[in-house]
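> Input: one structure, supplied below.
The values are calculated or read from the model by the stated rules, or taken from the named source; none is laboratory data. These numbers come from a predicted model, not from an experiment. We place every Cβ from the backbone using ideal geometry, glycine too, and count neighbours over all the protein chains shown.
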Amino acid sequence: MEDCIFCKIANKEIPSSFVYEDEHTVAFNDLNPQAPTHILVIPKEHYASLNELDNEQVMSALFTAVKNVTKQLNIKEYRTVINTGESAGQTVFHMHIHILAGRPLKWPPG
Ligand code: AMP
Ligand code: ZN
């Protein structure tokens, strides 16, 4: 999708170093990390949010990617977050899964 920053990252139009890539997903470090490890896993295809994500193969690939990334980086304790919609804190409207690790995380989130 034009003018989508995460599509540009996935398409390698914007240089970014991927920590993981497979057929359907890529993962890269968050620009503004909220924890010592803060990785975003995104589908290569554009879905504005989880509400628009209707492809079960991609859904499955996203979970597999989270597991592969954490395994690859030997991260055993982490939080995954999907913000869906503005009031939930979504600011980039290309669906993504946050992986946060490396410090104690409080609950409930703000
Ligand atoms: P959310 O608020 O859930 O939509 O998360 C969007 C995340 O994308 C934020 O944590 C941002 O810091 C991150 N972000 C925005 N632009 C970039 C970028 N160019 N590269 C990496 N992360 C980004
Ligand atoms: Zn996009």
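> Considering every residue within the range 31-45, establish whether at least one is charged (D, E, K, R) and assigned to a strand (DSSP E or B).
Within the range 31-45, not a single residue is charged (D, E, K, R) and assigned to a strand (DSSP E or B).
> Can Val19 be described as away from ligand 2 (no atom under 14 Å from the Cβ), in a helix (DSSP H, G or I), surrounded by 15 or more Cβ atoms within 10 Å (Cβ to Cβ) and in contact (Cβ under 8 Å) with a residue 40 or more places away in the chain? Don't jump to the end; show me each part of the working.
On the way: away from ligand 2 (no atom under 14 Å from the Cβ): yes; in a helix (DSSP H, G or I): no; surrounded by 15 or more Cβ atoms within 10 Å (Cβ to Cβ): yes; in contact (Cβ under 8 Å) with a residue 40 or more places away in the chain: yes.
For Val19, the condition - away from ligand 2 (no atom under 14 Å from the Cβ), in a helix (DSSP H, G or I), surrounded by 15 or more Cβ atoms within 10 Å (Cβ to Cβ) and in contact (Cβ under 8 Å) with a residue 40 or more places away in the chain - is not met.
> How many residues, within the range 18-36, are within 23 Å of Lys76 (Cβ to Cβ) and either modelled with pLDDT under 95 or more than 13 Å from ligand 1 (Cβ to nearest atom) (or both)?
Taking the range 18-36 and keeping what is within 23 Å of Lys76 (Cβ to Cβ), we get 18-22, 25-30, 33-36.
So of that shortlist, the ones also either modelled with pLDDT under 95 or more than 13 Å from ligand 1 (Cβ to nearest atom) (or both) come out as 20-22, 25, 36.
Matching residues across the range 18-36 total 5.
> Check Val92 against each of (1) surrounded by 13 or more Cβ atoms within 10 Å (Cβ to Cβ); (2) away from ligand 1 (no atom under 16 Å from the Cβ); (3) of a type outside the set (D, E, K, R); (4) part of a loop (DSSP other than H, G, I, E, B) and name the one condition it does not meet.
Unmet for Val92, out of (1) surrounded by 13 or more Cβ atoms within 10 Å (Cβ to Cβ); (2) away from ligand 1 (no atom under 16 Å from the Cβ); (3) of a type outside the set (D, E, K, R); (4) part of a loop (DSSP other than H, G, I, E, B): (2).
> Hey, another quick one. Going by what's in this entry, would Glu45 be described as over 28 Å from Gly110 (Cα atoms), surrounded by fewer than 19 Cβ atoms within 10 Å (Cβ to Cβ), at pLDDT 95 or above and away from ligand 2 (no atom under 15 Å from the Cβ)?
no
Yes/no per residue for (1) loosely packed, with under 15 Cβ neighbours inside 10 Å; (2) more than 14 Å from ligand 1 (Cβ to nearest atom); (3) part of a loop (DSSP other than H, G, I, E, B); (4) under 13 Å from the mean Cα position of the chain (by Cα):
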| residue | (1), (2), (3), (4) |
| --- | --- |
| Phe63 | yes, yes, no, yes |
| Thr84 | no, no, yes, yes |
| Arg103 | yes, yes, yes, no |
| Trp107 | yes, yes, yes, no |
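> Also: Restricting the search to the range 83-96, which residues are within 15 Å of ligand 2 (Cβ to nearest atom) and either among the hydrophobic types (A, V, I, L, M, F, W, C) or in contact with a Lys or Arg (Cβ under 9 Å, 6 or more places away or on another chain) (or both)?
Answer for the range 83-96, where residues must be within 15 Å of ligand 2 (Cβ to nearest atom) and either among the hydrophobic types (A, V, I, L, M, F, W, C) or in contact with a Lys or Arg (Cβ under 9 Å, 6 or more places away or on another chain) (or both): Val92, Phe93, Met95.
> Would you check which residues across the range 1-10 are more than 12 Å from His96 (Cα to Cα), in contact (Cβ under 8 Å) with a residue 12 or more places away in the chain and more than 10 Å from ligand 1 (Cβ to nearest atom) and list them?
Result: Met1, Cys4.
> I'm trying to understand the selection: among the residues of the range 28-67, which are among the small types (Gly, Ala, Ser) and either touching a Gly at 6+ places or on another chain (Cβ under 7 Å) or in contact (Cβ under 8 Å) with a residue 60 or more places away in the chain (or both)?
The answer is Ala35, Ser49.
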